[in-house]
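Here the structure is laid out as structure tokens; the discussion comes afterwards.
Just so you know, all these numbers are worked out from the coordinates, no wet-lab data involved. Source: prediction; values computed, not measured. Using ideal geometry, Cβ is built from the backbone for each residue, glycine included, and neighbour counts are taken over all protein chains shown.
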Amino acid sequence: MGDLLMPDVLRVKSRLRDYQVQFVPDCARAIGDQRNTKAFLIIDENLPFISKLAKFFDNNNIIYFKANEHNKTLGRCSSLMEKLVTKNIRRNNVIFAVGGGVLEDVVAFVSTVLFRGVEWVFCPTTLLAQADSCIGSKSSINFGSYKNLLGSFNPPAKVLIDVNFLKSLSPQQIKSGLGEILHFYLVAGKVKLAARMMAQHKFFLKNPAALKPFILVSLKIKKAVIEKDELDRGERQLFNYGHTFGHAIETISNYRISHGEAVSMGMDMANYVSWQNGYISEKIFWDLHHILERNIPAYQIKAKQWPQYLQALSKDKKNIGTALGCILTRGPGKMFRTQLPFDDHLNKTLVSYFGNR
Ligand SMILES: NC(=O)c1ccc[n+]([C@@H]2O[C@H](COP(=O)([O-])OP(=O)(O)OC[C@H]3O[C@@H](n4cnc5c(N)ncnc54)[C@H](O)[C@@H]3O)[C@@H](O)[C@H]2O)c1
């Protein structure tokens with residue numbers, strides 16, 4: 001795998017400002033080297049290694065955030081801004097954000113609107129955040145029952161990736177990151193690499209730091225697309241593959257299913273709908289299913305939950321009018337955008353997906 005020889009620094013071009021993604025052997029040391037006295041730390045309060053990082057900051061400049069999907073709201077962003085303002089943050093101060101995708105979304109949003117822009121540095125601590133969300137400039141905030149409805153584009157000034165952080169993740173969180181990596185690989189047509197990674201699924205659940213080369217490839221795939229379509233008007237939308245069906249799974253499971261596991265199931269569902277609509281053969285569906293299956297949660301939608309699932313799908317922000325906006329496939333590397341009418345055919349296809357599992 002030539003990608004194993006990739007450098008430890010990626011430079012990402014952005015319409016707003018270019019930024020660097022740096023793989024570091026010890027994030028605490030890197031933060032210690034880079035922060036100054038005016039720096040603030042916003043850190044996920046659940047992390048087991050907080051004290052290693054907090055010692056570099058003035059106590060007054062540290063804010064602990066309870067990172068979970070229910071706290072990814074305007075209300076929480078507002079109270080975070082209130083804390084920062086009370087602590088006398090200034091426009092030229094820097095915020096270090098340490099945590100997963102939830103903390104990233106919240107800090108990215110706050111950094112966009114506070115003083116119309118405060119510099120922030122992101123240290124991702126989950127596999128999902130290291131392999132996916134740390135680049136791309138997006139922040140997404142939930143609004144009422146709508147997931148990721150609000151947001152902004154505001155890249156960090158720098159991303160510092162320490163794969164040692166991954167060692168304390170739960171297997172479910174590692175699966176979540178694997179789901180996002182898989183989706184990049186399939187969109188890019190890298191089926192063999194996806195299969196190779198999933199063949200070592202058990203090993204990676206115990207040794208997630210060994211995923212570094214796979215994280216690099218994932219970021220490289222995303223970088224190539226976001227540098228052409230950062231604002232998500234065209235090609236980048238193909239990365240919604242698996243997300244439309246997956247988001248609705250996350251919602252009705254009340255977020256008991258992690259994001260990337262739901263995306264794995266969502267890709268399987270998108271492939272199934274593609275097969276049922278004649279875009280791929282049964283063989284391609286099963287070939288892809290066998291790659292994805294170890295990452296798909298054993299989750300069944302019960303009959304009485306169907307209206308709830310369809311309602312969650314109908315709220316997806318990619319929908320146009322009454323049709324479901326989603327990404328289907330003509331095979332690996334051949335994803336396409338389409339609109340599916342919310343009709344009996346779609347309903348029956350989705351019901352039969354769960355019947356066939
Ligand atoms: N902005 C984007 O481009 C983008 C892209 C993909 C996903 N997302 C969003 O990211 C969110 C999911 O992110 P996530 O999976 O990183 O979830 P998360 O931030 O909620 O973290 C998951 C759990 O792991 C814990 N945790 C984090 N790092 C840890 C570590 N090193 N050791 C032990 N526990 C740790 C957290 O406290 C939390 O309980 C979703 O809200 C999704 O919408 C955003």
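The table below lists the values:
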{"item": "The chain: relative contact order as a whole-number percent, Cα under 8 Å and 6+ apart", "result": "14"}
{"item": "Shape parameters for region 298-357, alpha-carbon atoms, Rg then Dmax in Å", "result": "12.6, 36"}
{"item": "Region 247-336: equivalent-ellipsoid semi-axes (sqrt of 5 x gyration tensor eigenvalues, Cα, Å)", "result": "21, 17, 11"}
{"item": "Overall dimensions of region 189-300 as given by Cα atoms, namely Rg and Dmax in Å", "result": "14.9, 40"}
{"item": "Neighbour-count ranking [beta-carbon atoms within 10 angstrom, fewest first] of I181, I42", "result": "I42, I181"}
{"item": "Beta bridges by DSSP in the chain, antiparallel share as percent, to the nearest 5", "result": "45"}
{"item": "Those residues of region 54-93 whose amide nitrogen sits under 14 Å from the label point placed on K38, 7 Å along Cα→Cβ", "result": "88-93"}
{"item": "Hits among lysines - C-alpha to C-alpha of K202 under 26 Å, sequence gap 8 or more where chains match", "result": "K167, K175, K190, K192, K212, K220, K222, K283"}
{"item": "Theoretical FRET efficiency, 1/(1+(r/R0)^6), r = Cβ-Cβ of H290 and K55, R0 45 Å, to 0.05", "result": "0.45"}
{"item": "Relative counts (whole %) of C-alpha pair distances in the chain, using bins that are 20 Å wide", "result": "31, 58, 11, 0"}
{"item": "For region 113-177, Kirkwood radius (reciprocal of mean inverse C-alpha pair distance, Å)", "result": "13.3"}
{"item": "Binned Cα-Cα distance frequencies in region 46-142 - 10 Å width, integer %", "result": "15, 52, 32, 1"}
{"item": "q = 0.13, 0.19, 0.23 Å⁻¹, region 6-64: log10 I(q)/I(0) [Debye, one scatterer per Cα]", "result": "-0.45, -0.84, -1.00"}
{"item": "Cα→Cβ-extended label distance, 7 Å offset, between D343 and K192, nm", "result": "4.2"}
{"item": "Rounded to whole Å, sorted largest first: equivalent-ellipsoid semi-axes of region 77-197, Cα gyration tensor", "result": "29, 15, 13"}
{"item": "Inter-label distance for S14 and Q200, nm, one decimal - labels placed 7 Å from Cα along Cα-to-Cβ", "result": "3.1"}
